[in-house]
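The values are calculated or read from the model by the stated rules, or taken from the named source; none is laboratory data. Please read these numbers as outputs of a predicted model, since none were measured by experiment. Methodologically, a virtual Cβ is constructed for each residue, glycine included, from the backbone with ideal geometry; neighbour enumeration extends over all protein chains shown. Ligands, DNA and RNA are stripped out before the accessible areas are found, and what is left, the full protein with its side chains, is counted by its heavy atoms. Shrake-Rupley method; radii C 1.70, N 1.55, O 1.52, S 1.80 Å.
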Amino acid sequence: YAEITGRDVGANKEPLEERYADLWTREQISELSRVLRETPAEFVTERAALASLLAAAQVLYVEAAARPVANELRECERSAKWDEVRLRAAEEACSEQRRTMVRRALDALAACDDLRAERVAVMDEAARALGHSDLVALYETATRARFDELAAAAEVFLAKTAERYREVLRAHLRADPDYDSSAELDLADELRFRRLAGLDPLFPA
């Protein structure tokens, strides 16, 4: 499963998905469900393994159901050239130019929102067809996590660290020629911060 979902092969997982596509058909999911039901409760390790396999197959099934829309979305996002703009913004020392290029790219990405919503709707419908209440319930089963608890923990973490992060970000931006301490922080500033250009002399390669 780790290999197929790309944890070991990066983003280029389509050949693996095509090769192993028969592992997450409805028939295979039904068979895994049957074997899990028939496995005695005392076989704890085997049942846990079967449950993990079943969840993995279900996740890959719903992702495959949305693949046509996902491909359209990928092309839409590629046309917005976000990856290219993100890298250019990180290198741009002028905050006004940096923000302008990021704002334009985000406006272009907004045209893809309908496809994003459609992809989630297709996956949600497929998850319901497999017996889950919705897509989130499927992912919670597969990851053994409660997303509402994770979100609450993230909110607490952000509340504790946000102000310190803003201080460090502003200190970093002071190196820009047109730095304005009164200006609101922007996504483009975060991209610039992440670049850490000030460390270049230490790592010339």
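Taking θ as phi - 60° and the Karplus parameters 6.51, -1.76 and 1.60, the scalar couplings of the stretch 122-134 work out to 5, 5, 5, 5, 5, 5, 5, 5, 8, x, 8, 5, 6 Hz in sequence order, x denoting glycine and proline. The GluC sites (Glu not before Pro) of the stretch 17-94 that meet both conditions, a loop assignment by DSSP and at most 12 other Cβ atoms within 10 Å of the site Cβ, are Glu42. Quick check: Cα centre of the stretch 39-95 to Cα centre of the stretch 126-205, how many Å? So the two Cα centres are separated by 19 Å.
Using a Förster distance of 45 Å, how high is the FRET efficiency between Arg47 and Ala152, based on the Cβ-Cβ distance and rounded to 0.05?
Details: r = 30 Å, r/R0 = 0.67.
Once the sixth-power term is evaluated, E becomes 0.90.
With 0.36 nm allotted per residue and the present C-alpha distance subtracted, the Thr143-Ser30 stretch has 38.7 nm of extension available.
Over the chain, accessible surface divided per residue gives 65 Å², non-protein components excluded, 1.4 Å probe. Please work out whether the stretch 63-168 counts as rounded, prolate or oblate from its C-alpha gyration tensor, where a ≥ b ≥ c are the square roots of the eigenvalues and a/c under 1.5 means rounded, while otherwise a/b larger than b/c means prolate and anything else oblate? Oblate, since a/c reaches 1.5 and b/c is not below a/b. Using a 1.4 Å probe on the protein heavy atoms, what percent of the accessible area of the chain belongs to carbon and sulfur? Looking at the chain in its full context, I get 55 percent from C and S.
Since only Ala49, Tyr20, Leu73 are under comparison, the one whose Cα sits farthest along the positive direction of the charge dipole of the stretch 10-87, derived from C-beta charges on Lys, Arg, Asp and Glu, is Leu73. Dipole of the stretch 93-136 computed with +1 at Lys/Arg Cβ and -1 at Asp/Glu Cβ about the Cα centre; of Ser133, Met123, Ala108, farthest Cα towards the positive end is Ala108. With R₀ fixed at 45 Å, the C-beta to C-beta distance from Ser133 to Asp200 puts the FRET efficiency at about 0.35. So which GluC sites (Glu not before Pro) in the stretch 144-196 pass both tests, a DSSP loop state and at most 11 other Cβ atoms within 10 Å of the Cβ? Within the stretch 144-196, the qualifying GluC sites (Glu not before Pro) (loop, at most 11 other Cβ atoms within 10 Å) are Glu184. Residues of the stretch 25-44 falling in the label zone of Glu125, defined by backbone nitrogen less than 16 Å from a point 7 Å along Cα to beta-carbon, are absent.
As a ratio to 2.2 N^0.38 Å, the alpha-carbon radius of gyration for the stretch 128-178 is 1.94.
Applying a 4.7 Å Cβ-Cβ cutoff to the chain, the cysteines left without a disulfide-compatible partner are Cys94.
Where only DSSP H runs of four or more residues are counted, the chain gives -22500 deg cm²/dmol as its mean residue ellipticity at 222 nm, each run worth -39500 (n - 2.57).
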